[in-house]
1. Give me the residue from region 249-269 that is in a loop (DSSP other than H, G, I, E, B) and charged (D, E, K, R) and, out of that set, surrounded by the fewest Cβ atoms within 10 Å (Cβ to Cβ).
2. Mind counting the residues in region 320-342 that are over 22 Å from R282 (Cα atoms) and assigned to a loop (DSSP other than H, G, I, E, B)?
3. Can you pull out the residues in region 54-66 that are more than 16 Å from the ligand (Cβ to nearest atom), surrounded by 13 or more Cβ atoms within 10 Å (Cβ to Cβ) and outside any strand (DSSP E or B)?
4. In the list A3, A16, which residue meets the criterion of being modelled with pLDDT of 85 or more, assigned to a loop (DSSP other than H, G, I, E, B) and more than 30 Å from N134 (Cα to Cα)?
5. In region 129-175, what residues are polar (S, T, N, Q) and more than 16 Å from the ligand (Cβ to nearest atom)?
6. Could you say which residue among A193, A212, A189 is surrounded by 15 or more Cβ atoms within 10 Å (Cβ to Cβ), in contact with a Gly (Cβ under 9 Å, 6 or more places away or on another chain) and closer than 19 Å to E269 by Cα?
7. Pairs only if they're at least six apart or on different chains, beta carbon under 9 angstrom, first in region 181-198 and among the acidic types (D, E), second in a loop (DSSP other than H, G, I, E, B) and more than 16 Å from the ligand (Cβ to nearest atom); list them, first residue then second.
8. If I132 satisfies all but one of (1) within 24 Å of G47 (Cβ to Cβ); (2) out of contact with any Phe, Trp or Tyr (no Cβ under 8 Å at 6 or more places or on another chain), what's the number of the condition it fails?
Amino acid sequence: MSAPELRIDQLTGLPAILAPGRADRPDSFQTRVSEPKGPDNCPFCEGREDRTPPEVYATRGEGGGADTPGWTTRVVPNLYPALSEGAEAGVDSTSGEAGAFASAGDPLLQSRRAGEADLFASRPATGVHEVIVNAPRHATAMAELDEAQFAAAVETWRERMRAHGEAAYVQLIVNEGGGAGASLEHTHAQLYALDFVPAAVARERERAGAYAERTAGGSLLSDILVEEVRRKERLVAIDEEAALICPWASRSPFELRVLPRTATASFAEDTAGAAMIHTALRLLAKRFDGSPELNLWIRTAPRGTEHFHWHVDVASRLSVKAAFEFATGVDIDTYPPERAAADLRECL
Ligand SMILES: [Zn+2]
């Protein structure tokens, strides 16, 4: 493939441009912008439980008290939460003043339009923001965890997502590497229990529902999976529980998607996929001689949604978004998913 191609993602309906010709040296990627600092002073390492807020959940083999060593996975409130817990006094969104930027008698100050609340809508961002420490030892990438520890981490993600099942949407994410937004390098996930459904998720819900209606109950994700397995070119791996593909409309080089073999609405209520998520991260680490900086996120059914299918997406930070991407919301991917899948199959 040489001519640029516009592709539409089946799940989101969002386009991406594949432009392999734009990469001058298409095989060279910068995988890290920051180097790990090591376990000294790391608040997530076992034995430093007093450096975090008190835990809200942990898995422990043999007893042991809260906030003491001996845990397998540990969950604490985020020290710098993006959401505040509990309803707080409403923010008065109509009291803004032009202040020093306007002089007395300025006609702008006479206008009542600025008093219309819907022009400057605001309300408290409420919800829960938790950190899930994926392992007691100082690993900087989930790819480094052994199978049992990896499975324990994913089961804890599910446990916490179930614990916040009353939220409108529960977003679980992993950032690995400073260049991917991780402020602490010790492997951890973050959970955001939101009181609204984000637009990107609502869009996917709408498309899954419309597909079910159009096909008399068909499953969009199942049909994609059947077709990807048949075509093979974007299929990286498959086991009894899940498949790993490079998505048709990949937005960045080596984007990966884990799909359960039986399409299920809720990630938290399912048990499949941990081994394949592990495979995805290990293959990236092998392809790039060490884990690239990356973001991982789970897309799962909003509360009360019937037609939806969970999947896990992984985006490696191998390219930089520039003005075109911010201006249009359309990403340009210089490494076609077929080529990325072929590379990763060689790492199996
Ligand atoms: Zn650590």
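1. E269
2. Summing the residues that are over 22 Å from R282 (Cα atoms) and assigned to a loop (DSSP other than H, G, I, E, B) in region 320-342 gives 6.
3. V56, A66
4. Values: A16 fails: assigned to a loop (DSSP other than H, G, I, E, B).
None of the other options fit; the residue is A3.
5. T156, Q171
6. A193
7. Final answer for the pair search is D195/L83; D195/A125; D195/A167; D195/A168.
8. (2)
The values are calculated or read from the model by the stated rules, or taken from the named source; none is laboratory data. Treat the numbers as computed from the prediction; the structure is a model and nothing was measured. Reconstructed Cβ throughout: ideal geometry from the backbone, glycine too, with neighbour counts over all protein chains shown.
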